[in-house]
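Report on one structure; see the data block that follows.
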Amino acid sequence: MDKKTIRLAVFVSGNGTNLENIINYFHDDKAVEVSVVVSNREDAFALQRAKNHGIPSVVISRKQFAEEPETVLSAVKDCDYIILAGFLVRVPDYLIELYPNRIINIHPALLPKYGGKGMYGHHIHEAVKAAGEKETGITIHFVNNELDAGEHIAQYRVALTDDDTPDTIAEKIHVLEQAHFPEVIEKVIKAE
Ligand code: GAR
């Protein structure tokens, strides 16, 4: 018997390079569909990327996430997994309860280091540089009620030198994200 298509909702806040990579990775895979893109910012370039691929998108503000569960639940209706791809709003508890071990986040550092409030995007790379770290990396993890503290699925590392700057660290992270995020998602969603 044919298995049902696995439907993904991808949550974004910004550029959407991870979103684009996920869309391309699953493009020819009939078992997986990026069904909807949800952004908390209407000016996120990720929305343009969704449009270019003909994928429906919804803008839901930070306030709506907190106060209008029905708006969020209607956007992810029929989705099996939620992928956070550069999503900078805290995931509300009602969603975590409905999607246990079905919300996957990518964090641009080796958690538990450089996680928690205020630790996102460039702030992380600046903190990593300031601390003189010899390596950094990415953590792909399930989302639970504690910020950046859900069970790890995979980590990938990259060495740093004294010459690295926050910008070159960001580039190294980008390379790791592009190389690994979609295949890790695939492993999780096809494991059942
Ligand atoms: C990515 O580096 C992702 O790991 C990071 O935001 C960037 C989004 O880039 N996420 C966080 O910092 C979450 N705390 P993108 O919009 O080009 O995919």
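Quick note: the coordinates plus some simple rules give every number you see, no bench work behind them. The structure presented is a predicted model; accordingly, all values stated were derived computationally and were not measured. Positions of Cβ are backbone-derived with ideal geometry, glycine not excepted, and every protein chain shown enters the neighbour counts.
In the chain, what % of DSSP beta bridges are antiparallel (nearest 5)?
Working: 11 of 28 bridges.
Antiparallel bridges make up about 40 percent of those DSSP assigns within the chain.
Among the lysines, select those whose C-alpha is under 22 Å from the C-alpha of K30, and discard any that sit fewer than 8 residues away in the same chain.
K3, K4, K51, K77, K187, K190
Build a GNM of the chain with springs between Cα atoms under 10 Å: which of K172, K30, K113 gets the top mean-square fluctuation?
Of the options given, K30 has the highest mean-square fluctuation.
Compute the distance from the alpha-carbon center of segment 126-147 to that of segment 45-89, in whole Å.
Segment 126-147 and segment 45-89 have Cα centres spaced 24 Å from each other.
Hey, can you grab everything whose amide H is under 5 Å from the amide H of N144? Only 5+ residues off in sequence or another chain; H modelled, so Pro and N-termini drop out.
Result for N144 returns A149, G150.
Per residue of the chain, what 222 nm ellipticity follows from adding -39500 (n - 2.57) for every DSSP H run with n ≥ 4, rounded to the nearest 500? Can you show the working numbers first?
Numbers: 7 runs with 70 residues, N = 192.
It comes out at -10500 deg cm²/dmol, rounded to the nearest 500.
Kindly count the pairs of lysines across segment 95-174 whose alpha carbons are less than 15 Å apart, treating pairs on different chains or eight or more residues apart as eligible. Show your work: numbers first, answer last.
Details: K113/K129; K113/K134; K129/K172; K134/K172.
So the count of such lysine pairs works out to 4.
Scan segment 48-108 for trypsin sites (Lys or Arg not before Pro) in coil per DSSP, keeping those whose Cβ has at most 16 other Cβ atoms within 10 Å, and list them by number.
Values: sites: R49, K51, R62, K63, K77, R90, R102; in loops: K77, R90, R102.
Answer by residue number: K77, R90.
Please give me the summed charge of the neighbours of T161: other residues whose Cβ is under 15 Å from its Cβ, Lys and Arg +1, Asp and Glu -1.
Details: positive: K129, K134, R157, K172; negative: E133, E135, D162, D163, D164, D167, E171.
Once all neighbours under 15 Å are counted, the net charge is -3.
For the chain, what value does the Rg/Rh ratio take when both radii are computed over Cα atoms and Rh is the Kirkwood radius, given to two decimals?
Numbers: Rg = 16.3 Å, Rh = 17.0 Å.
Rounded to two decimals, Rg over Rh is 0.96.
Given springs between every Cα pair under 10 Å in a Gaussian network model of the chain, which of A85, A50, A66 has the largest fluctuation?
Between A85, A50, A66, it is A66 that shows the largest mean-square fluctuation.
Rounding to the nearest 10 and keeping the result within 0 to 90°, find how far the Cα-based axis of helix 166-189 lies from the longest principal axis of the chain.
Its long axis makes an angle of about 40 degrees.
Please find, in a Gaussian network model of the chain (springs between Cα atoms separated by less than 10 Å), the residue of D78, D29, D43 whose mean-square fluctuation is greatest.
Between D78, D29, D43, it is D29 that shows the largest mean-square fluctuation.
Using DSSP to call loops (not H, G, I, E or B), can you name the GluC sites (Glu not before Pro) in segment 124-188 whose Cβ has at most 11 other Cβ atoms within 10 angstrom? Walk me through the numbers before you get to the answer.
Working: sites: E126, E133, E135, E146, E151, E171, E177, E183, E186; in loops: E133, E146, E151.
Answer by residue number: E146, E151.
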